Amino acid sequence: MVYESTYEHLAERLLPHLNPEDLARVRSAYEVAETAHRGQMRDEGTPYIVHPVRVALTLASELEIYAPRLICSALLHDVIEDSPTTR
């Protein structure tokens, strides 16, 4: 997986802006998304988890949005729609 699309890269971007509790929430959301999308591939051939991580990185890196709920939402936004996971 491309480094820029990993949780570690996202956490590195968020660390200066989030307290440990909020970072733990983001990690939890990532783990739910990664589990839900495990084994799925995007049309371009990348693992599905790359997409939600890139959305979260866009919020933080390009838009300077660090709200933990929004970052978690970015990570989870396709879980119900594009995985077998139900509400």
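A compact table of results
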{"quantity": "For segment 1-65, accessible area per residue (1.4 Å probe, heavy atoms of protein chains only), Å²", "calculated": "59"}
{"quantity": "Simple spin-label estimate for residue 77 and residue 34 in nanometres, 7 Å along Cα-Cβ", "calculated": "2.1"}
{"quantity": "For the chain: relative contact order, % (alpha-carbon pairs under 8 angstrom, 6 or more apart)", "calculated": "35"}
{"quantity": "Mean-position separation - Cα centroids, segment 4-41 and segment 44-62, in angstrom", "calculated": "11"}
{"quantity": "Of all accessible heavy-atom area on the chain, the percent that carbon and sulfur account for (1.4 Å)", "calculated": "53"}
{"quantity": "Total formal charge among the other residues, if their Cβ is under 13 angstrom from that of residue 32, Lys/Arg +1 and Asp/Glu -1", "calculated": "+1"}
{"quantity": "Estimated distance in nm for a label pair at residue 21 and residue 63, the labels positioned 7 Å out from Cα along Cα-to-Cβ", "calculated": "2.5"}
{"quantity": "Candidate values [x] 13.2; [y] 14.5; [z] 12.8, label of the one derived for Kirkwood radius over Cα pairs in Å", "calculated": "[z]"}
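The values are calculated or read from the model by the stated rules, or taken from the named source; none is laboratory data. The structure displayed is predicted, hence computed values, not measured ones. With ideal geometry, Cβ positions are generated from the backbone for all residues, glycine too; neighbour counts draw on all protein chains shown. These area figures cover heavy atoms from the full protein model, side chains too; ligands, DNA and RNA do not enter into them. Shrake-Rupley method; radii C 1.70, N 1.55, O 1.52, S 1.80 Å.
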